[in-house]
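First comes the structure, then the notes that go with it.
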Amino acid sequence: MSMSIHESTYYRRQHVTGTGCVLVSIKFGKTPEDGLLVVRRLTLKQEGSEVQFDLNRHIEEILEGVRSANQKHNGCLEVQEIEVVPNDYPQRGQALAAAFEIAEYVLTKNI
């Protein structure tokens with residue numbers, strides 16, 4: 001029986017302001033036809049896994065940040081998967097900014 005090993009890379013950026021905190025965690029690859037995958041990051045003792053913020057807005061901000069970086073750097077990154085911390089408390093624009101920085105890093109790191 002043959003086992004295959006797969007490597008999976010997430011790019012992460014924490015964005016903290018006085019009133020907001022969010023960890024943006026993105027895996028690039030082909031976006032699944034039925035939408036990107038969302039994985040919840042929980043600590044071992046964390047009991048609640050319900051997302052405490054607007055997940056749809058969070059996803060849209062991440063996608064917009066990646067789109068903007070693609071436009072700026074003539075890239076073609078696609079979001080395959082994101083991780084969320086259910087009890088984060090992002091403010092509007094934080095996920096967008098962090099996703100842009102992550103995508104820009106990926107697009108320019110080997111230049």
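Bear in mind these aren't lab numbers, they're just calculated from the coordinates by the rules spelled out. Note that the coordinates shown come from a computational prediction; the quantities given were computed from them, not determined experimentally. Cβ atoms come from the backbone with ideal geometry, glycine included; neighbour counts cover every protein chain shown.
Under a Gaussian network description of the chain, with springs only between Cα atoms under 10 Å, the residue in Ser49, Ser68, Ser25 that fluctuates furthest is Ser49.
Normalised by the number of residues in the chain, the average gap of Cα pairs under 8 Å and 6 or more apart makes the relative contact order 38 percent.
Sum up the lysine pairs in the chain that clear both bars: alpha-carbon distance under 22 Å and a spacing of 8 or more or different chains. Value for the chain: 5. Counted residue by residue at 0.36 nm each, then reduced by the alpha carbon distance between them, the extension gain from Lys27 to Lys109 reaches 27.9 nm.
With the simple model of a label 7 Å out from the Cα in the direction of the Cβ, Val38 to Tyr89 spans 2.0 nm. For the pair Thr19 and Gln52, the difference between a 0.36 nm per residue extended length and the Cα-Cα distance amounts to 10.4 nm. Normalising by the residue count of segment 58-111, find the relative contact order in percent from Cα pairs under 8 Å and 6+ residues apart. The normalised contact order for segment 58-111 reaches 57 percent. How would the chain be classified by its alpha-carbon gyration tensor: rounded, prolate or oblate, with rounded meaning a/c under 1.5 and the a/b versus b/c comparison settling the rest? Verdict is oblate for the chain. On the principal axes of its alpha carbon atoms, segment 1-53 extends 51, 27, 22 Å, with the longest extent given first. Bridges between two residues of the chain, per DSSP, are antiparallel at a rate of about 75%.
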